[in-house]
1. Using modelled amide H (1.01 Å from N, peptide plane; none on Pro or chain starts), what sits under 5 Å from the amide H of Phe19, excluding residues fewer than 5 places away?
2. Please report the net charge: other residues with Cβ closer than 14 Å to the Cβ of Gly30, K and R +1, D and E -1.
3. Size of the dipole of the chain about the Cα centre, Lys and Arg at +1 and Asp and Glu at -1 on the beta carbon, nothing else charged, in debye to 20?
4. What is the helix-to-structure angle for 90-99, meaning the angle in degrees between its Cα long axis and the longest Cα principal axis of the chain, kept from 0 to 90 and rounded to the nearest 10?
5. Assign unit charges at the C-beta atoms only (+1 for Lys and Arg, -1 for Asp and Glu), then state the dipole size of segment 47-107 relative to its Cα centre in Debye, rounded to the nearest 20.
6. I'd like to check one number: the per residue accessible area of the chain, probe 1.4 Å, reported in Å² as a whole number.
7. Just going by the charge dipole of segment 80-144, with Lys and Arg at +1 and Asp and Glu at -1 on Cβ, which of Asn111, Gln99, Tyr86 is farthest out on the positive end?
8. Compute the helix-to-body angle for 22-36: its Cα long axis versus the longest principal axis of the chain, expressed 0 to 90° and rounded to tens.
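The values are calculated or read from the model by the stated rules, or taken from the named source; none is laboratory data. All figures in this text were calculated on a predicted structure; none of them were measured in a lab. Note that we place each Cβ from the backbone using ideal geometry, even for glycine, and neighbour counts take in every protein chain shown. In case anyone asks, the SASA skips ligands and DNA or RNA and just uses the protein heavy atoms, side chains included. Shrake-Rupley method; radii C 1.70, N 1.55, O 1.52, S 1.80 Å.
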Amino acid sequence: MEKKSEMKAALFDLDGVVFDTEPQYTVFWGEQCREFHPEHPGLEQEIKGQTLVQIYDAWFSGPLADKQALITERLDRYEQQMSYDYVEAFPEYIRLLRQQGVKTAVVTSSNKVKMEAVYRKHPEFKGMFDVILTSEDFSASKPDPDCYLKAAARLGVGREHCVVFEDSFNGLRSGRAAGMYVVGLATTNPADSIRPLCDEVINNYIDYVRILSK
């Protein structure tokens, strides 16, 4: 996709893109990593943006495989109590997109249990999107493009008219592999580190709202 002005569908990751939740996950994983990997300080920073399966495969397999169920239980409880605050100006941006006929989707590695917590905190959430795809809908995790290609197919929009909004390295790679225009949010990783993986970098949606409101 050469121009974002050709956008017919906007595909959003969830954490760090719709909600500013990454700092809360850093706290959670910091606690788990200090307990189970005290030999590797700062591990919670290295695993940012990875799916739970990827984290388990890399760091909680072998001798620690029996800890996965415990960590999953802890994570489920933690996510039920998290605050889900929108990235600045996101609600206004999504409203303007839909007014202009742009289709919208959430494409997240989060599971349905977590999404129920989101819906309780934000009853308006489902109405913001035409499609919400969760981890249960995908056969392969990001950076595989499967999730974004499925979202485009569900919306009936060609990849050349889709814009992906991502914050994690794997998510950005997923959007790129899908052949879509990729906007990187510098909410989780520094702008300079994600810039090579996307077409443009933003901190929030304020400027986009200003442009669409003209």
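1. Val87
2. Working: positive: Arg34, Lys48, Arg74; negative: Glu22, Glu31, Glu35, Glu44, Glu46.
Computed value for this residue: -2.
3. Working: 25 positive and 33 negative charges, 162 e Å.
So the dipole magnitude of the chain works out to roughly 780 debye.
4. 40
5. Working: 7 positive and 8 negative charges, 42 e Å.
I would put it at about 200 debye.
6. Working: 9950 Å² over 214 residues.
Solvent-accessible surface per residue comes out at 47 Å².
7. So the residue we want is Gln99.
8. For helix 22-36, the angle is close to 20 degrees.
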